Amino acid sequence: MCSNVFWGTLIEVLGRERPVGRIAVTDGMADAAVAILEDAGHEVVLAHYTPEELRAGSLAEFDAVVVRSATKMSSEVIQASCSGGRLGFIGRAGVGVDNIDINSATDNRIVVCNTPGASSRSVVELTIGHLIATTRLITRADRSLRSGDWAKKSLRGSELGGKRLGLIGFGRIARGVAELASAFGMEVRTFDPFVSAKQAEDLGCQMHDDVDDLFRNCTHISVHCNLSDETHHLVNADRLAIMPTSAPDGTPCGNHVVNCARGGIVDEIAVLEALEDGTLASAALDVFEVEPAGDNPLLQHERFHGSPHIGAATLEAQTRVGTEMAGLLISFFKGENPESAIN
Ligand code: MLT
């Protein structure tokens, strides 16, 4: 167990006692957020640590650490940060906390907070971007144009309007996607065992009780759930095979899968085989089971569109994520229970 006082440390600053601390920021943070913390008297150290350094206890001399997805706060790292150390707060500047061992943090009396809504809009817009890029073949058109071709005839895509979009999960991001997709004229359906059918209906979306029904009814699928044992490889060969390839009005539009949520929810081998044998018209992934995705064979497929986990990579999202995290840290050091504490 960490030796610090659970709700922050009091140190002498300019002759007055103020609740301030030493904060490690290991995967970067918006300048504005660093300035907020420094103005509040905290010491902010921007540094990236290797997994070996983390396991050796590099974070033990900090009161708090702010990570994104690159720093893995495993049980071993948490133990090393606590034995003889004083770490009391892990901030996840973003949504997914799958890189943090929450149980180990709780056992060591470390508060874990994330910024669940701060990057939603950016992920929503990237999802819509991938939906349009795949159905209008924008990436393929760009590649072909650069190679000297004028492939106007072979680059015929399909509209989103009139097609049926299935959202796996109906949280903040999925709802934002539903709103924009509806504005494009898509009919939106969803599957989320944690949300009532009424909540979906209020936003104009039909809820399916069975995820297979979602695949059976939708030509376009977008993933918006967490990665867990239940959702690992939820998008698999059997489900890709039951997707329709024509819109409700009969227009042939092919079938399309987008994942801007978490790697591992989509079975990438199944997607590659489905692209190769024509079961699937296109796939767009922003997140991969193994990141960086350098030698992933999907990257060689013409009808695959990828991006390197950039869902939250906008100026606006990173400013919101950083300033929200700064606020959480300030309340933690004041001894308050920070909003969005997960444990
Ligand atoms: C998140 O969980 O916030 C996103 O995947 C963004 C990220 O990890 O950088």
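The values are calculated or read from the model by the stated rules, or taken from the named source; none is laboratory data. Note that this is a predicted model, so its numbers are computed, not measured. Don't worry about glycine lacking a Cβ; one is built from the backbone with ideal geometry, like all the others, and counts go over all protein chains shown. These area figures cover heavy atoms from the full protein model, side chains too; ligands, DNA and RNA do not enter into them. Shrake-Rupley method; radii C 1.70, N 1.55, O 1.52, S 1.80 Å.
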Restricting attention to region 127-136, the residues that are crowded, with 24+ Cβ neighbours inside 10 Å and within 16 Å of the ligand (Cβ to nearest atom) number exactly 2
Pick out the one residue from ILE78, ILE36 that is assigned to a helix (DSSP H, G or I), in the same structural domain as ALA24 (by TED's automatic domain parsing) and over 22 Å from ALA317 (Cβ atoms). ILE78
Can you give me the ranges of the helices (runs of 4 or more DSSP H) entirely in region 179-249 with at least 2 residues that are open to solvent by 60 Å² or more (accessible area, probe 1.4 Å)? 197-202, 237-241
Does THR139 count as among the polar types (S, T, N, Q), assigned by TED's automatic domain parsing to the domain that holds THR219, under 21 Å from HIS224 (Cα atoms) and assigned to a helix (DSSP H, G or I)? no
Would you confirm whether any residue within region 85-99 is open to solvent by less than 10 Å² (accessible area, probe 1.4 Å), outside the structural domain of ALA183 (by TED's automatic domain parsing) and free of Cβ contacts under 8 Å to residues at least 40 places away in the same chain? yes
CYS113 versus (1) open to solvent by 50 Å² or more (accessible area, probe 1.4 Å); (2) within 16 Å of the ligand (Cβ to nearest atom); (3) not aromatic (Phe, Trp, Tyr): which is the lone unmet condition? (1)
Lone unmet requirement of (1) over 18 Å from SER69 (Cα atoms); (2) among the charged types (D, E, K, R); (3) within 16 Å of the ligand (Cβ to nearest atom) for ARG303: (3)
Index of the failed condition, THR139 passing every other in (1) in contact with a strand residue (DSSP E or B) (Cβ under 8 Å, 6 or more places away or on another chain); (2) under 30 Å from GLY322 (Cα atoms); (3) open to solvent by 20 Å² or more (accessible area, probe 1.4 Å): (2)
Here's a check for you: in region 253-278, which residue that is closer than 19 Å to GLY157 by Cα and in contact (Cβ under 8 Å) with a residue 40 or more places away in the chain is surrounded by the fewest Cβ atoms within 10 Å (Cβ to Cβ)? GLY254
Flag if VAL287 is β-branched (Val, Ile, Thr), within 16 Å of the ligand (Cβ to nearest atom) and not in a loop (DSSP other than H, G, I, E, B): no
Out of (1) within 14 Å of the ligand (Cβ to nearest atom); (2) more than 21 Å from CYS113 (Cα to Cα), the one ALA317 does not meet is (2)
